[in-house]
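Beneath this line is the structure, given in structure tokens, with notes to follow.
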Amino acid sequence: MVEDSRIPGFYKLTREERAKKIQEVTGIPEDELKPLFDPGSMDMEVLDHMIENVIGSMTMPLGIATNFRINEKDYLIPMALEEPSVVAAASNAARMTRTHGGFTAEDTGPVMIGQIQAVEVPEPFAAKDQILEAKADLIALANEQDPILVRFGGGARDLRVKVIDTKVGPMVITELIVDTRDAMGANAVNTMAEALAPRIETISGGKVLLRILSNLADLRVVSSSAVFDKELLGGEEVVDGIISAWAFAEADPYRCSTHNKGIMNGIDAVVIATGNDFRAIEAGAHSYAAVDGYSSLTKYEKSKDGHLIGSIEIPMAVGLVGGATKVHPVARACVKILGVETATELGRIIASVGLAQNLAALRALASEGIQKGHMSLHARNVAATAGARGELVDKVAEQLIKEKMVKVERAKEILAELKKK
């Protein structure tokens with residue numbers, strides 16, 4: 001457990017110094033963090049068994065977001081992504097919550113939905129009633145498929161049935177509700193759905209086709225909220241601007257798409273770092289946002305003292321057992337740094353990061369504009385691409401920003417001039 005996620009001046013340290021600081025703060029042995037600090041030390045044999053036709057690996061930058069306090073506990077947050085300014089923005093937004101206690105997060109539990117599709121059913125509504133009459137037996141059959149999950153307190157909890165009209169006729173959809181505990185749950189749910197398929201066919205008189213988990217995990221929702229200090233934000237005028245920007249997203253799907261993408265900047269980065277399925281999280285988030293017409297996953301309002309209150313509600317089907325989370329050494333190291341003990345705790349953290357990321361983007365838009373901070377980091381990337389190293393990176397970047405000409409060719413020219421001097 002990290003006692004304090006505040007590490008003043010962390011961004012000013014060299015990469016080696018940051019690595020040493022993380023090891024010092026977390027107390028994690030060096031050998032466990034080595035794959036994270038030195039990607040070249042990765043055992044390619046591990047990767048060869050993760051997907052097909054492996055020829056190598058692609059290294060993605062992995063940073064640490066600081067300042068996060070969630071449910072009275074401090075966390076250092078590993079974030080893997082290629083976009084500049086995201087890690088810094090999340091860290092800064094988290095800092096603005098600390099004087100008001102940080103983030104408060106809760107969840108509805110690790111419950112997933114498996115769907116079994118029956119077609120060509122002679123009497124769909126009668127079949128629905130008959131399947132529901134067999135609910136207890138069907139749940140028992142589902143739980144026989146995963147006794148270990150049941151032993152750990154999970155398993156099938158409920159079963160519901162609906163008849164839907166489609167372009168190829170009515171379908172009877174049986175939905176199995178499963179508590180997956182610390183797993184994301186796809187394998188467990190799909191196995192249970194497969195086992196139920198023959199019984200559903202017998203009961204309904206139809207033909208079962210799909211039996212698969214749904215990524216619209218609306219029974220596995222995490223919410224997080226925080227008070228962002230008005231003075232740290234830049235005053236009540238900025239608070240009002242942020243609320244106005246959020247209201248724009250609520251009212252217009254074109255704006256809302258980019259608004260929610262900003263949330264996912266933070267969420268995906270943590271999901272990837274911990275070896276979870278970011279595609280499933282993306283699908284679930286945008287589906288959830290679109291249930292009643294596409295809308296914002298976050299909400300904002302002003303407190304009586306003029307501070308900004310932000311909140312997020314989002315499906316969060318992440319796990320700590322199985323998949324890349326257990327296999328990939330970097331994912332294991334990231335989970336160690338987080339110090340999480342359950343999948344629900346991880347989900348609360350990820351949702352809080354999403355809220356922080358969204359707040360940071362809205363603040364930039366409502367005050368200085370999104371490009372200022374982003375362009376500074378982009379200029380450093382361009383300088384490095386042009387061949388600058390060490391102190392020359394900042395000098396070239398500074399000149400690029402001053403000239404408002406953040407281009408690789410111009411960076412090469414500036415670099416050549418600096419080297420002559």
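The values are calculated or read from the model by the stated rules, or taken from the named source; none is laboratory data. Only a predicted model underlies this, so the values are computations on that prediction, with no experimental measurement involved. All Cβ positions, even for glycine, are placed from backbone atoms using ideal geometry, and neighbour counts span all protein chains on display.
Take Val87 and decide whether it is touching a helix residue (DSSP H, G or I) at 6+ places or on another chain (Cβ under 9 Å), part of a loop (DSSP other than H, G, I, E, B) and surrounded by 22 or more Cβ atoms within 10 Å (Cβ to Cβ).
Answer is no for this residue.
Matching residues to (1) in a helix (DSSP H, G or I); (2) free of Cβ contacts under 8 Å to residues at least 60 places away in the same chain; (3) within 15 Å of the chain's Cα centre (by Cα):
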| position | (1), (2), (3) |
| --- | --- |
| Arg211 | no, no, no |
| Ile242 | yes, no, no |
| Ala245 | yes, no, no |
| Asp268 | yes, no, yes |
| Ser295 | no, yes, no |
| Glu301 | no, yes, no |
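Selection of the range 151-173 for residues being farther than 12 Å from Asp129 by Cα and over 31 Å from the mean Cα position of the chain (by Cα) yields Ile164, Asp165, Thr166, Lys167, Val168, Gly169, Pro170, Met171. Residue-level check: of (1) surrounded by 13 or more Cβ atoms within 10 Å (Cβ to Cβ); (2) in the same structural domain as Asp158 (by TED's automatic domain parsing), Phe37 misses just (2).
Scanning for something over 30 Å from Leu36 (Cα atoms) and either crowded, with 17+ Cβ neighbours inside 10 Å or among the polar types (S, T, N, Q) (or both), does the range 258-273 turn up at least one residue?
Within the range 258-273, the subset over 30 Å from Leu36 (Cα atoms) is 258-259.
Filter once more, keeping what is either crowded, with 17+ Cβ neighbours inside 10 Å or among the polar types (S, T, N, Q) (or both): 258-259.
Within the range 258-273, one or more residues are over 30 Å from Leu36 (Cα atoms) and either crowded, with 17+ Cβ neighbours inside 10 Å or among the polar types (S, T, N, Q) (or both).
Considering only residues in the range 286-295 that are in contact with a helix residue (DSSP H, G or I) (Cβ under 9 Å, 6 or more places away or on another chain) and within 27 Å of Leu338 (Cβ to Cβ), the one that is surrounded by the fewest Cβ atoms within 10 Å (Cβ to Cβ) turns out to be His286.
No other residue among Glu201, Glu237 is out of contact with any strand residue (DSSP E or B) (no Cβ under 8 Å at 6 or more places or on another chain), among the acidic types (Asp, Glu) and part of a helix (DSSP H, G or I) apart from Glu237.
Selection of the range 213-234 for residues being part of a strand (DSSP E or B) and within 25 Å of Pro124 (Cβ to Cβ) yields only Leu213. The sole residue among Pro78, Pro124 that is farther than 21 Å from Thr274 by Cβ and either buried (at least 19 other Cβ atoms within 10 Å of the Cβ) or at pLDDT 95 or above (or both) is Pro124. Listed by position, the helices (runs of 4 or more DSSP H) contained in the range 303-418 that have at least 1 residues being over 18 Å from the mean Cα position of the chain (by Cα), of a type outside the set (Val, Ile, Thr) and surrounded by fewer than 24 Cβ atoms within 10 Å (Cβ to Cβ) are 329-338, 343-366, 371-385, 391-403.
Within the range 114-132, the set of residues being under 20 Å from Arg211 (Cβ atoms) and part of a helix (DSSP H, G or I) comprises Pro124, Ala127, Lys128, Gln130, Ile131, Leu132.
When Ala343, Ala324, Ala416 are checked against the criterion of being farther than 30 Å from Gly114 by Cα and at pLDDT 90 or above, a single residue qualifies: Ala416. Does at least one position in the range 198-206 carry a residue that is within 27 Å of the chain's Cα centre (by Cα) and closer than 17 Å to Gln117 by Cβ? No: the range 198-206 contains no residue that is within 27 Å of the chain's Cα centre (by Cα) and closer than 17 Å to Gln117 by Cβ. Answer yes or no as to whether Thr174 is surrounded by 22 or more Cβ atoms within 10 Å (Cβ to Cβ) and either free of Cβ contacts under 8 Å to residues at least 24 places away in the same chain or outside the structural domain of Gly284 (by TED's automatic domain parsing) (or both). Taking the combined requirement at face value, the residue satisfies it.
Inspection of the range 44-63 identifies at least one residue that is in contact with a strand residue (DSSP E or B) (Cβ under 6 Å, 6 or more places away or on another chain), in the same structural domain as Gly262 (by TED's automatic domain parsing) and over 21 Å from Leu355 (Cα atoms).
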